[in-house]
Amino acid sequence: MNPQKHIAIVGATGAVGEEMLKCLAERNFPIKELTLLASARSAGKTTTFRGQEITIKELTHQSFEGIDIALFSASGDISREYAPSAAAAGCTVIDNSSAFRMDPDVPLIVPEINPQAALSAPKNIIANPNCTTIISLMALFPLHKKYGLKSIIASSYQAVSGSGAAGIAELELQNKLIANNNPITPDDINVYPVQIASNVIPHVDTFLDNGFTKEEQKMLFESRKILQLPELKVTCTCVRVPVYRSHSVSITAQFEHPVNVTEAKASFTDQPGIKLKDDPENNIYPVPLDTTCKDDCLVGRIRKDQVLENALTIWAVGDQVRKGAALNAVQIAEII
Ligand code: A2P
């Protein structure tokens, strides 16, 4: 049995921070003490964990004395500023932001895929991958083990939870305005460049010189690092959709070896964290509501691709806040 740990959550009042609390409670994580950190705006507010009231404290560079593991989910800037202080205080940081993911001395972990890499963290920092990358790789890993992954062409359908509490609030507000026949004014559009309710936006994160977005390039570089496939080719279009929590991804994956659909489906039997839901003739396939607030990702619509050789086209769905962020971070904490 693991010894009890002093755990901190940085960004405890955010969408992912609150889910981290739920995951720690549900999974009976061995906790000696829990420190909840957020901005000065939240300091003094209280929340309940395992029946105990905990007061939220303001994050400072001195917050980490005596803390064993700090789960960071407050933004890349906050991680860049405070994670080094936490690590220097002897605390292991599990960081949900993209700040350290591509640092060669920072392991990038999906516990079902590369758990052993978490055991060597020379900087005392471990990174949680991008949510769309986690959900995609959960579906691709059993196929990769069987056929050897060569390339990925993907389009994502990403929930507003990926933009934190503010994204969820913006969709709620715009949905209410539409339901009440009120106009959506420029004041009601803050998180996204255009209205998200009743719309889809082919733009997640900032654009780069090559026309892709940072989010799209995360799929490329993070997948290479996690799977240890430096030659892996990835092209991706990330799209924000008016869904509250779960992300979906349409993926065409090409492999080294010939594929077989029946065999590919069978490769999901007994895989931790991913389940097959694939009987399209009876309208059975994964949809975002299936995985919302659930731990497991789902995969379906598995078919032989009609363009590429040795390729499958699949549909993967997972709760962005849970497996895409909070749960994955808590699973990493369980490993170390
Ligand atoms: P707060 O609620 O005090 O602003 P989300 O991504 O869901 O918006 O959550 C962001 C999280 O990051 C919140 O918990 C938020 O706390 C926290 N946060 C934002 N700015 C800071 C800061 N300067 N110091 C500490 N925590 C911060």
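The values are calculated or read from the model by the stated rules, or taken from the named source; none is laboratory data. It should be emphasised that the depicted structure is a prediction, and the values quoted were computed from it without experimental measurement. Please note: Cβ atoms are built from the backbone with ideal geometry, for glycine as well, and neighbour counts cover all protein chains shown. We work out accessible area using only protein heavy atoms, side chains counted, and drop any ligands, DNA or RNA first. Shrake-Rupley method; radii C 1.70, N 1.55, O 1.52, S 1.80 Å.
Observations on the structure shown:
- Among the DSSP helices (H) of the chain, those spanning at least 20 angstrom by Cα along their long axis with an average Kyte-Doolittle hydropathy of -0.5 or more are 131-147, 164-179; this is a geometric and hydropathy rule only.
- Within the chain, helix-based [θ] at 222 nm, where runs of 4 or more DSSP H residues each add -39,500 (n - 2.57), nearest 500: -8500 deg cm²/dmol
- Spin-label pair Thr48/Glu281, simplified geometry with 7 Å Cα→Cβ offset, distance in nm: 5.1
- Average accessible area per residue (Å²) across segment 47-124 - probe 1.4 Å, nucleic acids and ligands excluded: 46
- Net charge dipole, segment 133-320: roughly 340 debye, given to the nearest 20, about the Cα centre with Cβ charges of +1 for Lys and Arg and -1 for Asp and Glu.
- Bridges between two residues of the chain, per DSSP, are antiparallel at a rate of about 50%.
- Carbon/sulfur fraction of accessible area - the chain, other protein chains in place, 1.4 Å, %: 50
- Using Cβ point charges alone (K and R +1, D and E -1), the dipole size of segment 68-121 about the Cα centre works out to roughly 20 debye.
- Rounded accessible area per residue of segment 133-320, 1.4 Å, Å²: 48
- Beta bridges per DSSP with both ends in segment 133-320, % antiparallel, nearest 5: 70
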